[in-house]
């Protein structure tokens, strides 16, 4: 015949389990369970849901091109700045810099990383960045044709069936930044502005260059060296792709004159131009 104390413990345990079930129905965020040991010590276990992870993917075009080092180094600078940001948390923010040879690789790579971290219920996309040459139809891959191609220009990906077909799995708020030339022109055929009209970019802030872009050591002025103009010296200092004007290269390399201020990135949301400024407001090592 069993010890009556055992029956008492079991009864108390059952009551506690009932209480836990009731508590779960009232407060689905936190689940508590208790158990009573023979020495009358009450143990309580609290289970809280894991925080939603946030994905940041910084793509750069990796092909035999004079801009390759500028793309890769600018991408690495953005990575380092993110990791030094006050909001960055290694347990939440997952940052990667995938090299790509074609623009149509972006969608599958987002899906692959999302699945790697447990799927859409576990992680959402906080930021997408693309470091490349660019034009009115967006980022360019000169050596690999894109599927589907932009009309008459296979080095760029079509918006219809291409950009509008990507499942970004956005977190809200989120941002998408295109660092290549003329990617953010404020015109009816401006690339960033057209993307902002798509359903899969709804409520997302999209940034793009208002003019051509050039390398710089800082994000708010165009500051470079003669060495970088010769496509060397990229391993010295940070790199930013900033907006600039043709014919001002000598000013950007001369410390005896005022450096040219960076032309603004324009940013759009739901087809509306929200503003324009240099990228230093979100991307700066200083």
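Read the figures in this text as sums done on the coordinates, not as results from a lab. If you're wondering where the values come from, they're calculated on a predicted model, not measured in any experiment. Glycine also receives a Cβ, built like all others from the backbone with ideal geometry; neighbour counts cover every protein chain displayed.
Things to note:
- Filtering 130, 147 for residues that are touching a strand residue (DSSP E or B) at 6+ places or on another chain (Cβ under 8 Å) and surrounded by fewer than 17 Cβ atoms within 10 Å (Cβ to Cβ) leaves a single hit, 147.
- Being surrounded by 22 or more Cβ atoms within 10 Å (Cβ to Cβ) and on the phi > 0 side of the Ramachandran plot holds for only one residue in 152, 161, 138, and it is 138.
- Single condition residue 210 does not satisfy, out of (1) within 22 Å of residue 158 (Cβ to Cβ); (2) surrounded by fewer than 24 Cβ atoms within 10 Å (Cβ to Cβ); (3) out of contact with any helix residue (DSSP H, G or I) (no Cβ under 7 Å at 6 or more places or on another chain): (1)
- Within segment 229-250, being free of Cβ contacts under 8 Å to residues at least 40 places away in the same chain and buried (at least 16 other Cβ atoms within 10 Å of the Cβ) holds for 237, 242, 243, 244, 249.
- Total residues in segment 141-167, condition assigned to a strand (DSSP E or B) and either free of Cβ contacts under 8 Å to residues at least 40 places away in the same chain or farther than 12 Å from residue 107 by Cα (or both): 6
- Residue ID - farthest from residue 246 (Cα to Cα), chosen from residues in segment 177-206 that are in a strand (DSSP E or B) and in contact with a helix residue (DSSP H, G or I) (Cβ under 7 Å, 6 or more places away or on another chain): 206
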